[in-house]
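What follows is calculated from the coordinates using simple rules that are stated; it is not laboratory data. Small disclaimer: the values here were computed from a predicted structure and weren't measured. Cβ placement follows ideal geometry from the backbone for every residue including glycine, while neighbour counts extend to all protein chains displayed.
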Amino acid sequence: MYVRKSKNKKLDKLTTVIGICMPIVTLPQLYTVLTSNDLKGVSLITWSFYTLQAGIFAVFSIKHNERPLVITYIPLFVIEFGIVIGLLLRQQ
């Protein structure tokens, strides 16, 4: 397997930090979906596409061994999938 040596260590570190922050800042939306009775403005279609996108990028990042993307998109997929499931359960 090809392993590249990065010349952009600061950018790599920043990308990893942002990758960790993205799922964390999405958690309040999951909390709202799971606990609130007022879900006006929370779109099932939008969150479904966000989930699809995160899933595709998670697979891509694993296949290409891109650590910052793995750190971002696997947790993001799980959280966004939780939002979609929460919205589907709340619609019943």
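Here are the numbers:
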{"quantity": "Residue exposure sequence - 74, 45, 85 - by fewest surrounding Cβ within 10 Å", "calculated": "45, 85, 74"}
{"quantity": "Relative contact order (percent, whole number), the chain, Cα cutoff 8 Å, 6+ residue spacing", "calculated": "40"}
{"quantity": "Estimated dipole of the chain in Debye, rounded to 20 [Cβ of Lys and Arg +1, of Asp and Glu -1, Cα centre]", "calculated": "580"}
{"quantity": "Segment residue 31-residue 63, length gained on full extension (0.36 nm per residue, minus Cα span)", "calculated": "8.4 nm"}
{"quantity": "Exposed trypsin sites (Lys or Arg not before Pro) absent: longest stretch of the chain, with sites in DSSP loops and at most 15 other Cβ within 10 Å deemed exposed", "calculated": "41-92"}
{"quantity": "Contact order relative to length of the range 43-92, as percent, for alpha carbon pairs under 8 angstrom and 6 or more apart", "calculated": "47"}
{"quantity": "Residues with amide H under 5 Å from that of residue 42, placed H, sequence gap 5 or more", "calculated": "none"}
{"quantity": "Tilt relative to the chain, helix 67-91 - C-alpha long axis, 0 to 90 degrees, to 10", "calculated": "10"}
{"quantity": "Degrees, to the nearest 10: 9-35 long Cα axis against longest axis of the chain", "calculated": "10"}
{"quantity": "Residues in the range 46-78 that a label on residue 91 would reach, taking backbone N under 13 Å of a point 7 Å out along Cα→Cβ", "calculated": "46-49"}
{"quantity": "Mean Cβ count within 10 Å, highest first, over the residues of peptides 22-32, 46-56", "calculated": "46-56, 22-32"}
